[in-house]
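K.L.:
What follows is a structure written as structure tokens; I'll ask about it next.
The values are calculated or read from the model by the stated rules, or taken from the named source; none is laboratory data. Note that this is a predicted model, so its numbers are computed, not measured. Virtual Cβ from ideal backbone geometry, glycine too; neighbours counted across all protein chains shown. For the accessible areas, the whole protein counts, side chains as well, though only heavy atoms, and no ligand, DNA or RNA atoms are used. Shrake-Rupley method; radii C 1.70, N 1.55, O 1.52, S 1.80 Å.
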Amino acid sequence: MQISGAEIVIRCLQEEGVEYIFGYPGGAVLFIYDELFKQSKLKHVLVRHEQGAVHAADGYARACQKVGVALVTSGPGVTNAVTGIATAYMDSIPVVIISGQVPTPAIGLDAFQEVDTVGITRPCVKHNFLVKDVKDIATTIKKAFYLAATGRPGPVLVDIPKDITQHLAEFSYPQEVSMRSYTPVTRGHSGQIKKAIQLIMDAKRPMIYSGGGVILGEAAGELTELVRNLGFPCTNTLMGLGGYPATDPQFVGMLGMHGTYEANMAMQNCDVLLAIGARFDDRVIGNPKHFYSEDRRIVHIDIDPSSISKRVKVDVPIVGNVREVLQELIKQLAATREKPEEAALAAWWSQIEEWRSRDCLKYDRASAIIKPQFVVEKLYEVTNGDAFVTSDVGQHQMWAAQFYKFDLPRRWINSGGLGTMGFGLPAAMGVQLAHPGADVVCITGEASIQMCIQELSTCKQYHLPVKIVNLNNRYMGMVRQWQEFFHGNRYAESYMDALPDFVKLAEAYGHVGMKIEQPSDVEGALREAFSRKDDLVFLDFITDQSENVFPMVPGGKGLSEMILV
Amino acid sequence: MRHILSLLMENESGALSRVSGLFSARGYNIESLTVAPTEDPTLSRMTIVTSGSDDVIEQITKQLNKLIEIVKVVDLNDGEYIERELMLVKVRASGKEREEMKRMADIFRGRVIDVTDKAYTIELTGTGTKLNAFLEAIESDAILETVRTGASGIGRGERILKV
């Protein structure tokens, strides 16, 4: 029996086991929405802006390891979605975006709501497709899910012209897909793994540095086992937090621009570095020339060959699935009789403990004004360290990363690569849908939250009891900090004037709002908010305006050139 | 250093713009780029002449391999190879210089493929350097128009690029 292209789209998504579609209807996707209406298996979440749709699908994917799905219309639907797509791309998140397109005969004629979607999204997707024949819909969607989830994951967009969704075809969903031009490597080269083991055995000052690849590759268990077996120090990137338990003594904190003193010093001074699912980006190692100034051997495990030797030359590259490579590494290490020199390791640890005693994250706990760090620490206590935390971008993001100790992967969800303000709230919606009973918190600031504030309406419609922790310092805090440090205190346009009354705003959307101005009220407010299991609570914390994020490696500087408190 | 990269890619619309987009987005040089279908209609063969340090060329190769529609990439500079480029050049050819121009074309093993009272169109094949040498050998104000295809390359001997 022949069915319409629109019905084929829906049947494909059902076959893929999709639970939620985050979307917004419009002219070019009306037939697809019509088919959505006729079924009940797939649940659609109506966002209030297409950027929110992709962030929500992205948050969902990050929280539960499945492919997120967004559905948007042509033209402005797609252009609004681009920020979300680029966000997912930079953090390698598996998302499939289905976009409507004007009917095939109208393409290229500047039709109403026409944009070159494939062209606009090309630089920020893993791959994209324009479907020109109804018979190609099923295989294209199959390929899209396959590409999004395998290898180094990423967003894949499928653009479908309106007339194609009306045309009829037989439906059969391919069970498998193989592409001669796409064969991601999984197993690491055994010769390279042997070389890595030799370097590890010879290490006097070893360091393990892991990133988002460990989270995406489901390798937190393997990483933890490896680090504990070796007794080495371990640091995580912003994207890698939760890959190794933050409460473990072998964890030296996050590294990078706002990493801990001990993590950055250990990174700079180690003699053997094991980099796992991380990419030595500018926010992590600062100036590469300065990084080179110390001699060290580097082993780099990554699924993407192009991540290797991109910014930093490495000695032993191992291309493969992080989990499989770590399993092999653990097995081979267990089989060797050798051990790294214990005395050297002990001396290295005492050096690290000395750095750690610098207490680089200290702040004024007795302050009469609410310190943002204090709010995050209290949040950690109140939620027993067990919440899913999303964030926006800026100072609050860094404080969340520094002060909420993530012991598990997929609990910390933020836009690390693109740095997208507005990510936190819609991402939290996706997380809450993935884990309906869990505590989901969006740590944000009064500037970021206003970039996707409209999603408060979506939260109301779908009863998503997200807790919003707004660290309100009446500044775009990170911009203000840079202006203070590097632009002679000239706070150009970084003051958030004419702020809304967030309590009233939350109430206007049908939620609960709370304003907290005293440090002594912080804990009580958080406890009350989390006791309201069914309500979205917007907690507006009025925090210290002048607080800065420390340590800080200024742009262009090296890891050991931190500004400290 | 100058490198010639040879690619096999799916013969699909949009594949070319993925490659050219990659070069512009990441700031890589393109000296020339040619593409045409192969004996297998599902595949296109592309030749890119680029330049950069060894690190940059390594990144270019890796990034190209990452594109979903690219089936294979080889750097021809990794072995012996042959390189050819086709040039069509229209030159002024009247009076005394008419005979001179014909002789010059012969020296460079070019062929005159179109003739008018005042001009010749010459077809010339060779490496880029040879084509440059021809243009330098004739008087520059005699050149009316030049069209070059950009280089195509192939490995020497038994070395082949195939799926």
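K.L.:
Determine the share of region B:82-152's accessible area contributed by carbon and sulfur atoms, expressed in whole percent, with a 1.4 angstrom probe.
P.N.:
Answer for region B:82-152 is 50 percent, counting heavy atoms of protein chains only.
K.L.:
Which lysines have a Cα less than 16 Å from the Cα of A:K194, not counting those fewer than 8 places away in the same chain?
P.N.:
A:K331, A:K339
K.L.:
Compute the distance from the alpha-carbon center of region A:540-565 to that of region A:339-379, in whole Å.
P.N.:
15 Å
K.L.:
Another question, then. Please sort by residue number the GluC sites (Glu not before Pro) in region B:20-110 whose DSSP state is loop and whose Cβ has at most 16 other Cβ atoms within 10 Å.
P.N.:
Sites meeting the loop and neighbour criteria: B:E31, B:E39, B:E80.
K.L.:
Sticking with this one: How much FRET efficiency would the formula 1/(1 + (r/R0)^6) give for A:K194 and A:S357, where r is the Cβ-Cβ distance and R0 is 25 Å, rounded to 0.05?
P.N.:
0.10
K.L.:
Just to confirm, what accessible area per residue do you get for region B:82-152 at 1.4 Å probe, in whole Å²?
P.N.:
Ligands and nucleic acids excluded, the result is 59 Å² per residue.
K.L.:
May I pose another question? List the longest stretch of chain B that has no exposed loop site; here a site is one of the trypsin sites (Lys or Arg not before Pro) assigned by DSSP to anything other than H, G, I, E or B, with at most 16 other Cβ within 10 Å.
P.N.:
Within chain B, the longest run free of exposed trypsin sites (Lys or Arg not before Pro) spans B:27-108.
K.L.:
Filter the cross-link list A:K405/B:K62; A:K38/A:K132; A:K132/A:K310 down to pairs whose alpha-carbon distance in this structure exceeds 29 Å.
P.N.:
A:K405/B:K62; A:K132/A:K310
K.L.:
About the Cα centre, and with charges only on the beta carbon of Lys, Arg (+1) and Asp, Glu (-1), how big is the dipole of region B:2-78? Nearest 20 debye, please.
P.N.:
200 debye
K.L.:
Rounded, prolate or oblate: which fits chain A, taking a ≥ b ≥ c as square roots of the Cα gyration tensor eigenvalues, rounded meaning a/c under 1.5, else prolate when a/b beats b/c?
P.N.:
In terms of gyration-tensor shape, oblate.
K.L.:
Which aspartates and glutamates does A:K467 reach when only Cα atoms under 12 Å apart count, and residues fewer than 8 places away in its own chain are ignored?
P.N.:
Those aspartates and glutamates meeting the cut-off are A:D439, A:E528, A:D534, A:D535, A:D540.
K.L.:
When the helix-only estimate is applied to chain A (DSSP H runs of n ≥ 4, each -39,500 (n - 2.57), divided by the residue count), what is the mean residue ellipticity at 222 nm, nearest 500 deg cm²/dmol?
P.N.:
Value at 222 nm, helices only: -11000 deg cm²/dmol.
K.L.:
Would you mind calculating the relative contact order of region B:82-152 from Cα pairs under 8 angstrom and at least 6 residues apart, reporting the percent as a whole number?
P.N.:
Reported as a whole number, the value is 50 percent.
K.L.:
Leaving ligands, DNA and RNA out of it, rank A:Y363, B:Y81 by accessible area with a 1.4 Å probe, largest first.
P.N.:
Ranked list, largest accessible area first: B:Y81, A:Y363.
K.L.:
Ok, one more. Ignoring ligands, DNA and RNA, what percent of the accessible area of region B:2-78 is carbon or sulfur (1.4 Å)?
P.N.:
Of all accessible area on region B:2-78, carbon and sulfur atoms account for 52 percent.
K.L.:
Cα gyration tensor of region A:327-367, axes a ≥ b ≥ c as square roots of the eigenvalues: rounded (a/c below 1.5), prolate (a/b > b/c) or oblate?
P.N.:
It comes out oblate by the Cα gyration axes.
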